Amino acid sequence: MDLNSPLFDRIRIAPKARPAVSTVSARCDHPGCTEPGEFRAPKGWRREGEYFCFCLDHVRAYNASYNYFNGMAPEAVALYQRDASVGHRPTWKMNGSGQSDDPSRFIDPLGLFGRRSRPAAAEPQKPRYGVAAMKALDQLGLDETADSGAIRSRYKDMVKRFHPDANGGDRSLEDKLREIIRAYNYLKSVKLA
């Protein structure tokens, strides 16, 4: 927002009307005092927004002896102090039902709030491969849990076993060797090997 915009030059807001402040000060509310009451002091519990007017000496004495809880029952003081810990705002129980304070009955499906409610250690997720990748792994005699090191070592072993030079020039296993090479190249292309 640009505060230097010409649009802001056209906005005019009337000032809020302020209550007239009395220039004549009241007399001190302390009995027998004739000084002007320039200083306000709260009247107390259940009289919020109401004030006494005292002179400086009497407001100091009043503040030294002021007790907001004067006249309150001990139970009311305890209730006020308990509510003050949450800013006098309502609170709700964590389990949502408001029926039990027992933390073992608290339902925490995501396991965010404690060890009790967390599910048992879940086994690590297995990677999901497509049909072609599963066929290529099957060609090498591996399952979906094989990592890239296992795929490479299995490929080397099978090439050594099925290569015609390792079989005395026998070309009967040459088709099997081609399938193994094709499967390994596919796994390499999908970044599994």
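The values are calculated or read from the model by the stated rules, or taken from the named source; none is laboratory data. Treat the numbers as computed from the prediction; the structure is a model and nothing was measured. Virtual Cβ from ideal backbone geometry, glycine too; neighbours counted across all protein chains shown.
For the range 139-188, the set of residues classified as farther than 28 Å from PRO124 by Cβ and aromatic (Phe, Trp, Tyr) consists of PHE162 only. Among the residues of the range 167-176, just one is under 27 Å from LEU192 (Cα atoms) and in contact with a Lys or Arg (Cβ under 9 Å, 6 or more places away or on another chain), namely LEU173.
Quick check on the range 112-134. Is at least one of its residues modelled with pLDDT of 75 or more and either more than 30 Å from ASP147 (Cα to Cα) or among the polar types (S, T, N, Q) (or both)? Yes; the residues of the range 112-134 include at least one that is modelled with pLDDT of 75 or more and either more than 30 Å from ASP147 (Cα to Cα) or among the polar types (S, T, N, Q) (or both).
For every residue, the table says whether it meets (1) among the β-branched types (Val, Ile, Thr); (2) in contact (Cβ under 8 Å) with a residue 24 or more places away in the chain; (3) assigned to a loop (DSSP other than H, G, I, E, B); (4) under 22 Å from PRO31 (Cα atoms).
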residue	(1), (2), (3), (4)
PHE52	no, no, no, yes
ASP57	no, no, no, yes
ASN70	no, yes, yes, yes
GLU75	no, no, no, no
GLN81	no, no, no, no
TRP92	no, no, yes, no
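Across the range 35-47, not a single residue is classified as among the basic types (Lys, Arg), out of contact with any Phe, Trp or Tyr (no Cβ under 8 Å at 6 or more places or on another chain) and at pLDDT 85 or above.
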